[in-house]
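Chemist: Here it is, the structure in full.
The values are calculated or read from the model by the stated rules, or taken from the named source; none is laboratory data. Note that this is a predicted model, so its numbers are computed, not measured. Using ideal geometry, Cβ is built from the backbone for each residue, glycine included, and neighbour counts are taken over all protein chains shown.
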Amino acid sequence: MKLAIMQPYFFPYLGYFHLLHNVDLFIVYDNVQFIKQGWINRNRILHPNRSSWQYISAPLDRASFHNSYQTSILDVKISGSEQWKQHILGQLDHYKKAVPFANETIDFVKECLAEDVASISRLNVSILDRCSKLLNLNFKYRFCSELDIKLDTNQSAEERILRLCEYFGAVEYVNLPGGINLYHAENFKNRYIKLTFQNLPVYVYDTGPYTFQPNLSIIDLLMWNTPGNINRYLEEYRDKG
């Protein structure tokens, strides 16, 4: 079994989908510490000035993570107000002026945000599932918090990942390039597990009259590309690091 273990990101970039498509099982790492400045509740799209990018974000209920050093992702709640959803849709309006698939993509984002959940991790997994279905990608997942295994927070991040791999009988652990300094091939080899880093080449596409910005949210890719074209790119690099 090939296994990936990742925190649930908000409308992530294409490399994230490349990862989940290349494994047999994706573990939603929702019982680890929430970090405020990560990708749990935000991502990037093109800016209306046409030469840079801007953030889109889901506002969080501060009471649910008043001390982020002791808060798990699964406990972080979305703000009760619905105005942020309209704000994100408003941030996408500028695409309508010059982008081929703006209307379809905005309708899709609206459907994703209509999910009635309080948990940011549950919303993100719902979005990942919807995007995967749209792109015809494999996305078989389990929530780490629902597994019958207790992870010792006093152990290193690497040791906890190794324990999860052993729990599932994984023969290969696949991660994004950001984990290169966290995990060591020799430690995995000693436990009879192959360590692989999946590095998808940047998908370059025409964004005229905007300046192309690499690794934006999947939302931006869908504005300019058909789901079929995105799928073909991912298939081209399937099982390639």
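Chemist: Could you list, ordered by first residue, the pairs with Cβ atoms under 6 Å in which the first is in region 23-47 and acidic (Asp, Glu) and the second is assigned to a strand (DSSP E or B), at least 6 apart or interchain?
Modeler: Once the first residue is acidic (Asp, Glu) and sits in region 23-47, its partners that are assigned to a strand (DSSP E or B) give 24/2; 30/143.
Chemist: What are the pairs with Cβ atoms under 6 angstrom where one residue, in region 3-15, is within 10 Å of residue 27 (Cβ to Cβ) and the other, located anywhere, is assigned to a strand (DSSP E or B) and of a type in the set (Ser, Thr, Tyr)? Sequence gap at least six, or different chains.
Modeler: The qualifying pairs are 3/173.
Chemist: If you scan region 147-183, which residues turn out to be surrounded by 11 or more Cβ atoms within 10 Å (Cβ to Cβ) and charged (D, E, K, R)?
Modeler: Result: 158, 159, 160, 163, 166, 172.
Chemist: Of the residues 215, 138, 225, which is at pLDDT below 95, surrounded by 12 or more Cβ atoms within 10 Å (Cβ to Cβ) and within 24 Å of residue 112 (Cα to Cα)?
Modeler: Working: 215 fails: at pLDDT below 95; 225 fails: at pLDDT below 95.
Just a single option satisfies the conditions, and that option is 138.
Chemist: List every residue pair whose Cβ atoms sit under 6 Å apart, with the two residues 6 or more apart in sequence or on different chains, where the first one lies in region 75-99 and is in contact (Cβ under 8 Å) with a residue 12 or more places away in the chain and the second, anywhere, is loosely packed, with under 11 Cβ neighbours inside 10 Å.
Modeler: Going by the 6 Å Cβ cut-off, the qualifying pairs are 98/209.
Chemist: Pairs needed: first member in region 142-165, closer than 22 Å to residue 23 by Cα; second member anywhere, surrounded by 13 or more Cβ atoms within 10 Å (Cβ to Cβ) and among the acidic types (Asp, Glu); C-beta distance under 8 Å; at least 6 residues apart or different chains.
Modeler: Filtered contacts from region 142-165: 143/30; 144/30; 145/30.
Chemist: Hey, does region 58-70 have a residue that's of a type in the set (Asp, Glu), assigned to a loop (DSSP other than H, G, I, E, B) and surrounded by fewer than 12 Cβ atoms within 10 Å (Cβ to Cβ)?
Modeler: Within region 58-70, the subset of a type in the set (Asp, Glu) is 61.
Restricting the remaining residues to those that are assigned to a loop (DSSP other than H, G, I, E, B) gives 61.
Adding the requirement that they be surrounded by fewer than 12 Cβ atoms within 10 Å (Cβ to Cβ) leaves none.
Checking region 58-70: not a single residue is of a type in the set (Asp, Glu), assigned to a loop (DSSP other than H, G, I, E, B) and surrounded by fewer than 12 Cβ atoms within 10 Å (Cβ to Cβ).
Chemist: Oh, and also: What are the pairs, 6+ residues apart or on separate chains, where a residue within region 122-141 that is closer than 19 Å to residue 77 by Cβ and without any contact (Cβ under 8 Å) to a residue 40 or more places away in the chain has its Cβ under 9 Å from a residue that is surrounded by 16 or more Cβ atoms within 10 Å (Cβ to Cβ) and among the aromatic types (Phe, Trp, Tyr)?
Modeler: Cβ pairs passing all conditions: 122/143.
Chemist: Could you check residue 35 against (1) surrounded by fewer than 15 Cβ atoms within 10 Å (Cβ to Cβ); (2) of a type in the set (A, V, I, L, M); (3) closer than 29 Å to residue 227 by Cα and say which number it fails?
Modeler: (3)
Chemist: Given the structure, is residue 195 surrounded by 19 or more Cβ atoms within 10 Å (Cβ to Cβ), over 15 Å from the mean Cα position of the chain (by Cα) and either assigned to a loop (DSSP other than H, G, I, E, B) or free of Cβ contacts under 8 Å to residues at least 40 places away in the same chain (or both)? First the steps, then the outcome.
Modeler: Details: surrounded by 19 or more Cβ atoms within 10 Å (Cβ to Cβ): yes; over 15 Å from the mean Cα position of the chain (by Cα): yes; either assigned to a loop (DSSP other than H, G, I, E, B) or free of Cβ contacts under 8 Å to residues at least 40 places away in the same chain (or both): yes.
The answer is yes for residue 195.
Chemist: Here is a follow-up. When residues of region 90-133 are filtered for being more than 15 Å from the chain's Cα centre (by Cα), surrounded by fewer than 16 Cβ atoms within 10 Å (Cβ to Cβ), at pLDDT 95 or above and not in a loop (DSSP other than H, G, I, E, B), how many remain?
Modeler: 8
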